[in-house]
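The values are calculated or read from the model by the stated rules, or taken from the named source; none is laboratory data. Small disclaimer: the values here were computed from a predicted structure and weren't measured. Methodologically, a virtual Cβ is constructed for each residue, glycine included, from the backbone with ideal geometry; neighbour enumeration extends over all protein chains shown. To get the accessible areas, we keep the full protein, side chains included, count just its heavy atoms, and leave off ligands, DNA and RNA. Shrake-Rupley method; radii C 1.70, N 1.55, O 1.52, S 1.80 Å.
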Amino acid sequence: MNTVPTLVGVLGGGRMGAGIAHAFALAGSNVAVIERDSESVQLARGRVLAAIMTSVERKATTEAAEELTARVGFGLDLSAFAEAELVIEAVPESLEMKVDALGRAEAAMSPQAWLASNTSAISITTLAQSLQRPERFCGMHFFNPVPPSKLVEIVAGKQTSDELIAAAQGWVASIGKTPITVHDVPGFASSRLGVALGLEAIRMLEDGVASADDIDAAMALGYGHPMGPLRLTDVIGLDVRLGISEYLHVMLGDRFEPPKLLRDMVERGELGRKSGKGFYEWPQEHS
Ligand SMILES: NC(=O)c1ccc[n+]([C@@H]2O[C@H](COP(=O)([O-])OP(=O)(O)OC[C@H]3O[C@@H](n4cnc5c(N)ncnc54)[C@H](O)[C@@H]3O)[C@@H](O)[C@H]2O)c1
């Protein structure tokens with residue numbers, strides 16, 4: 001029987017961190033979300049509460065919402081991780097930021113606790129290099145949006161212990177999702193495939209092959225994807241996609257070189273759903 005950790009720490013309560021916090025709270029864990037400044041704490045709280053309200057609207061009561069809300073704490077002080085069994089890092093996709101955040105999280109945790117990164121593509125072995133206990137560290141790559149996504153990709157770095165991989169598989173099952181386990185290669189399995197398709201779709205738009213709608217329909221209707229690669233890039237965030245493709249370009253070669261259109265759109269602040277405009281207009285949402 002798979003059991004959820006009693007207390008989960010989440011470092012970074014953005015789009016993904018909030019979703020991860022919600023998923024564990026829903027499964028019965030207490031969760032401590034730590035942010036970088038007071039304004040971000042408020043934003044993180046709002047995101048988690050919105051996720052809770054959506055989930056209870058579907059199938060429960062105000063009482064259940066209050067109970068769920070009470071399970072999630074927010075703050076700035078990493079000492080909240082002292083009793084956590086598992087801490088998941090979800091700060092932005094930058095090697096420098098992640099190394100710094102992971103080092104500080106590890107220092108605040110019990111030596112018996114486990115640490116994971118929600119990185120989309122950065123090598124787990126590289127991130128582990130600056131840690132004191134690399135065997136207690138792995139990748140746990142959640143998908144966006146977290147609540148309806150069924151998959152979590154578990155990434156084993158060179159030094160990750162088998163015990164942690166088995167535990168991570170159990171935690172993923174305990175929150176009602178399905179784990180896949182992959183070796184630590186750049187982009188793992190899902191980002192490598194997803195980014196390859198997304199970049200090709202952007203190049204096709206750049207080359208005037210077809211409209212965004214028609215390129216997306218090719219995959220959505222022709223291949224049964226839940227949404228086309230351009231719409232998915234809007235949902236993920238063009239900045240997030242650019243960061244991953246820059247990294248994969250260095251690690252895996254020219255086939256991952258970011259198209260000019262992607263760079264230009266990010267420079268203009270057209271980041272997709274979160275900014276209100278990407279390949280499509282997203283009038284209502286600004287997270
Ligand atoms: N967006 C996606 O679709 C997606 C999907 C899977 C994985 N990821 C990965 O998840 C991670 C987070 O992505 P996101 O989309 O949630 O980003 P985001 O920008 O929405 O959230 C990042 C959060 O981290 C906080 N933060 C920054 N520095 C911090 C620090 N030192 N301590 C604590 N908090 C800090 C920020 O205030 C922000 O709230 C990235 O590694 C990304 O690649 C993203």
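Take segment 89-135 and flag every residue that is basic (Lys, Arg) and more than 14 Å from the ligand (Cβ to nearest atom).
The answer is 133, and nothing else.
When only residues in segment 5-17 that are outside any loop (DSSP other than H, G, I, E, B) and open to solvent by less than 10 Å² (accessible area, probe 1.4 Å) count, which is nearest to the ligand (Cβ to nearest atom)? Explain how you work it out, then say what you get.
Kept after step one, since they are outside any loop (DSSP other than H, G, I, E, B), are these residues of segment 5-17: 7-11, 15-17.
Keeping just the survivors that are open to solvent by less than 10 Å² (accessible area, probe 1.4 Å) gives 8-10, 17.
Values: 8: 15, 9: 11, 10: 9, 17: 6 Å.
Residue satisfying both the conditions and the ranking: 17.
Is it true that some residue in segment 136-159 is of a type in the set (Val, Ile, Thr), part of a strand (DSSP E or B) and away from the ligand (no atom under 13 Å from the Cβ)?
The first filter runs over segment 136-159 and keeps only residues of a type in the set (Val, Ile, Thr), leaving 146, 152, 154-155.
Next, only the ones that are part of a strand (DSSP E or B) stay: 152, 154-155.
Those still in the list that are away from the ligand (no atom under 13 Å from the Cβ) too: 154.
Yes, segment 136-159 has at least one match.
What is the one condition in (1) open to solvent by less than 50 Å² (accessible area, probe 1.4 Å); (2) within 13 Å of the ligand (Cβ to nearest atom); (3) touching a residue at least 40 places away in the same chain (Cβ under 8 Å); (4) assigned to a helix (DSSP H, G or I) that residue 55 does not satisfy?
If we test residue 55 against (1) open to solvent by less than 50 Å² (accessible area, probe 1.4 Å); (2) within 13 Å of the ligand (Cβ to nearest atom); (3) touching a residue at least 40 places away in the same chain (Cβ under 8 Å); (4) assigned to a helix (DSSP H, G or I), just (2) comes out false.
Return the pairs, sorted by first residue and then second, in which the second residue is part of a helix (DSSP H, G or I) and open to solvent by 10 Å² or more (accessible area, probe 1.4 Å), the first residue lies in segment 18-44 and is more than 17 Å from residue 97 (Cβ to Cβ) and near the ligand (Cβ under 9 Å from one of its atoms), the beta carbons are less than 6 Å apart, and the residues are 6+ apart or on different chains.
That search, which allows pairs on different chains as well, returns 18/47.
With the checklist (1) under 21 Å from residue 153 (Cβ atoms); (2) open to solvent by 40 Å² or more (accessible area, probe 1.4 Å); (3) β-branched (Val, Ile, Thr) in hand, flag the one item residue 182 doesn't pass.
Of everything listed in (1) under 21 Å from residue 153 (Cβ atoms); (2) open to solvent by 40 Å² or more (accessible area, probe 1.4 Å); (3) β-branched (Val, Ile, Thr), residue 182 misses just condition (2).
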